[in-house]
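First the structure, in the form of C-alpha cells, and then the observations on it.
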Amino acid sequence: MASASTFSGFSLGEATQRKLRKFSELRGKPVTAEEFWDIVAITAADEKQELAYKQQLSEKLRKKELPLGVQYHVFVDPAGAKIGNGGSTLSALRCLERLYGDRWSSFTVLLIHSGGYSQRLPNASALGKIFTALPFGNPIYQMLELKLAMYIDFPSHMNPGILVTCADDIELYTVGESEFICFDKPGITALAHPSDLTVGTTHGVFVLEPLHYLECKDLEYRCCYRFLHKPSIEKMRQFDAVCRPEKLSQQYYAGGDTSSLKLDSEYVYTDSLFYMDYKSAKKLLSFYEKIGTLNCEIDAYGDFLQALGPGATMEYTRNTSNVTKEESELIDMRQKIFHLLKGTPLNVVVLNNSKFYHIGTTEEYLFHFTSDNNLRLELGLQDITFSIFPAKTECPGKASCVIQSILDSGCFVEPGSVVEYSRLGPDVSVGENCIISGVCIQTTAVLPAYSFVCSLSLKINGHLKYSTMAFGVQDNLKKNVQALSDIKFLQFFGVCFLSCLDIWNLKVTDKLFSGNKTCLSLWNARIFPVCCSLSESVTTSLKMLNAVKNKSTFKLNNYMLLSMEEMLIYKDVEDMLAYRDLIFQEVTLTEKQAFQKTS
C-alpha cells in the first residue's frame, strides 16, 4: 500500500503543481479567450451574499490576484423559496441570457455554486465558501484561485457551454503527458472518480456501459447507461454500478475522499463536476422561462443527471429520502425535468488516477489542513502560510496550520488546530483541533480543545460593532427542534443547551431564537454578545464558552445578543476585509525587512 500511495501522490502532485504554476503565470495579466474562461460566475443565496462576493472579487482584481480581461459575475438567486443548486443553475442561465443575449452561445463559462450559508463550516459563512483561505500561496490562495488553477486546461479543450461545479470540493487528477480532458461532445459530460462503495452512498454513482478493453487507463471516455444519486450499496449492486478490483492497477489505490481503496476492494465511479453544451443549457433555460418561478429545491446532480442515459427511469422522481424539505411541487417538477432531458447523452470522463476532496465541514477542514499528508504533498500545503509565527510545535502526523495571521512568539497553538486572519498575543494558548478565525486576543486566554471561535464585524444602526461566534467544532448547528420544550435535545459544546442557558442566566422564551419559530437550532439561537471592539467581543464569547466548559456562571442577559443567522444579516464585509488587509500589510512589511537584513 505504501508504494501505491507514494506513486499516486507523486504523479498527482506533479500534475497539480504544473497547473498551479500555469495559473500563477496568468494572475494579474490580461488573458485571451483561448487560454482562459470567457466568464467566471459565482452564485449567491441573497443580496447580502451577492454584495460580499462582489466586494471580494473587486479586491482580488484590484490586487491582481486573478487573470484580467475575464468577465467575473455574481448571480444571486431570486428572492423567495430556496431553489437548490439546480434552481441556481437555471437562474444563472437566465442571467447570462439577459446580459449577453445570443452571444453567450460562443462562450466558455465556469459556474461555481457558492450560495449556501456554510452552517457546517461557519468560518466560511460570512464571506463565502468560495473565499475559504487555503494554507499555501503568496498572496494566499482561496478556493476560487484553486478552482481556477485546477481547471486551467479545460477552456482550450472545451466547446462553448457551461462547466458546473461546487465551491467546497477539490478535484485533483493526472492524465497522460499528451492527453487532455475534452468537453466536446453533445449533451452533458461529467467527471468520474474511483471510490469505495461507502463513499458512493453520499455521492452520485455512474452505471457505465461495458469496457471493450481490459486494462484501465488514466483517462477514459465512457458512455453512461444511468446515473444513481446517493444510492444504497444494495442499489449499486442491483444496477451493476460496482466494479471489480482487477480492473484498476495498483497505482490508483491511494488516499483522498474518493480514492481510499484497498487492493482487494470493489469500487464505483462517483461524480464531481459536469459540463453541458450550449444546446442543453438553452433547453433548460427555455424550460425555466416557461415555468416562471421555482418554489422547490432542485438538485443539479440528482435532478438533472438522473434523467440522462438510456437506462434512466422516472422511479427516482418520487424518492424524497435525500431531500431536506419535501415541497408539494417537487415530484411534479422532477418529472417535467425528466421528460425535458430524457434522451440527452450523458458522457463520462473517467479519471482513474484522481482524487476528490470535500472541505465543507469542520471535521474535513481540520483533517485536510493539519493531518492529511496526501493533500499536503499534492497541493504543497504549509504549516505556516504568509504569517508571523516564530514558534512551532512538532507532532508526528499532525501539525498546526496558521494562515495570514500574526502570532506572538509566546503564543502556543496545539497541533491539529487552524488559525486564520487573526492576531494572538503572547499569553494565548490554543488547544488541539480548534478553528480560530478573524479574532484579536491580546489578553491572557485559553481556548479549549475542539473550540470554534470566529469574529464578525457588524453594522448595526450605522454603528460598527463586533460579535464572536463560539461553540464546539463538533456541534451540529443544523439540528433543529420545533418547540421550545424540545431545546433540551440541542447540544452546545457537548452540553445540553438548556443547561447552557441556565449557566448564562438566559430565559427560554420566543425571543431566544431569530427567524422561523418552528425551526429552533444553535444557528438561530440569540446567544452571542455584541461588543464595541473586536478584542472585547472575543474575550466575552470565550468567557461564555469557558463557563460551559468549567460549569461556572457567566451572565449574558446584560448584553445585546444575536444569533449566527442575524450576524450574517448585519455583517460588515468592508471592515472584515480591511482587518485582513492590515494583517496582510504587516506581514508583507515584516517579510520585506527580514529580506533586507539577509541581503
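The values are calculated or read from the model by the stated rules, or taken from the named source; none is laboratory data. Bear in mind the structure is a predicted one, so any value in this text is a computation, not a measurement. Using ideal geometry, Cβ is built from the backbone for each residue, glycine included, and neighbour counts are taken over all protein chains shown. Each accessible area value is taken on the protein alone, full model and side chains, heavy atoms only, with ligands, DNA and RNA left out. Shrake-Rupley method; radii C 1.70, N 1.55, O 1.52, S 1.80 Å.
Side notes on the structure shown:
- Subset tally (residues that are over 23 Å from Tyr117 (Cβ atoms), of a type outside the set (Phe, Trp, Tyr) and not in a helix (DSSP H, G or I)) for region 545-587: 7
- For Lys64, the conditions (1) more than 29 Å from Phe23 (Cα to Cα); (2) out of contact with any Asp or Glu (no Cβ under 8 Å at 6 or more places or on another chain); (3) part of a loop (DSSP other than H, G, I, E, B) are fulfilled apart from (1).
- So Asp153, is it part of a loop (DSSP other than H, G, I, E, B) and at positive phi: no
- Applying the set (1) touching a strand residue (DSSP E or B) at 6+ places or on another chain (Cβ under 9 Å); (2) closer than 30 Å to Met567 by Cα; (3) open to solvent by 10 Å² or more (accessible area, probe 1.4 Å); (4) among the hydrophobic types (A, V, I, L, M, F, W, C) to Val40 leaves exactly one unmet item: (3).
- The listed residues are Ser552, Ser563, and the only one of them that is among the hydroxyl-bearing types (Ser, Thr, Tyr), more than 28 Å from Ala483 (Cβ to Cβ) and either open to solvent by less than 10 Å² (accessible area, probe 1.4 Å) or modelled with pLDDT of 95 or more (or both) turns out to be Ser552.
Matching residues to (1) at pLDDT 95 or above; (2) open to solvent by 40 Å² or more (accessible area, probe 1.4 Å):
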{"residue": "Lys247", "(1), (2)": "no, yes"}
{"residue": "Asp277", "(1), (2)": "yes, no"}
{"residue": "Thr317", "(1), (2)": "no, no"}
{"residue": "Asn322", "(1), (2)": "no, yes"}
{"residue": "Asp332", "(1), (2)": "no, yes"}
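Let's see how each residue does on (1) among the aliphatic types (A, V, I, L, M); (2) over 22 Å from the mean Cα position of the chain (by Cα); (3) at negative phi:
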residue	(1), (2), (3)
Ser91	no, no, yes
Gly101	no, yes, no
Leu110	yes, no, yes
Leu127	yes, no, yes
Phe131	no, no, yes
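- Within the option set Gly116, Gly137, being within 25 Å of Leu285 (Cβ to Cβ), modelled with pLDDT under 95 and either surrounded by 21 or more Cβ atoms within 10 Å (Cβ to Cβ) or hydrophobic (A, V, I, L, M, F, W, C) (or both) holds for one residue only, Gly116.
- Test: Phe554 is within 22 Å of Thr444 (Cβ to Cβ) and free of Cβ contacts under 8 Å to residues at least 60 places away in the same chain: yes
- Qualifying residue in region 493-503 (condition: at pLDDT 95 or above and out of contact with any helix residue (DSSP H, G or I) (no Cβ under 9 Å at 6 or more places or on another chain)): yes
- Taking region 444-485 as the region of interest, the strands (runs of 3 or more DSSP E) fully inside it that hold 2 or more residues being surrounded by fewer than 20 Cβ atoms within 10 Å (Cβ to Cβ) are 451-460, 463-472.
- Among (1) over 18 Å from Ser125 (Cβ atoms); (2) of a type in the set (Val, Ile, Thr); (3) modelled with pLDDT of 95 or more - the single one Thr518 does not satisfy: (3)
- Every test in (1) surrounded by 18 or more Cβ atoms within 10 Å (Cβ to Cβ); (2) within 30 Å of Ala81 (Cβ to Cβ); (3) not acidic (Asp, Glu) is passed by Asn516 save one, and that test is (1).
- Tabulated pairs, region 492-507, first more than 13 Å from Phe471 (Cα to Cα), second of a type in the set (D, E, K, R), C-beta under 8 angstrom, 6+ apart or interchain: Leu498/Lys488; Leu501/Lys507; Ile503/Lys551; Trp504/Lys555; Asn505/Lys555
- Flag if Glu145 is of a type in the set (D, E, K, R) and not in a helix (DSSP H, G or I): no
- Any chance Pro426 is without any contact (Cβ under 8 Å) to a residue 24 or more places away in the chain and in a loop (DSSP other than H, G, I, E, B): yes
- The residues in region 179-197 that are at pLDDT 95 or above and open to solvent by 30 Å² or more (accessible area, probe 1.4 Å) can be counted, and the count is 4.
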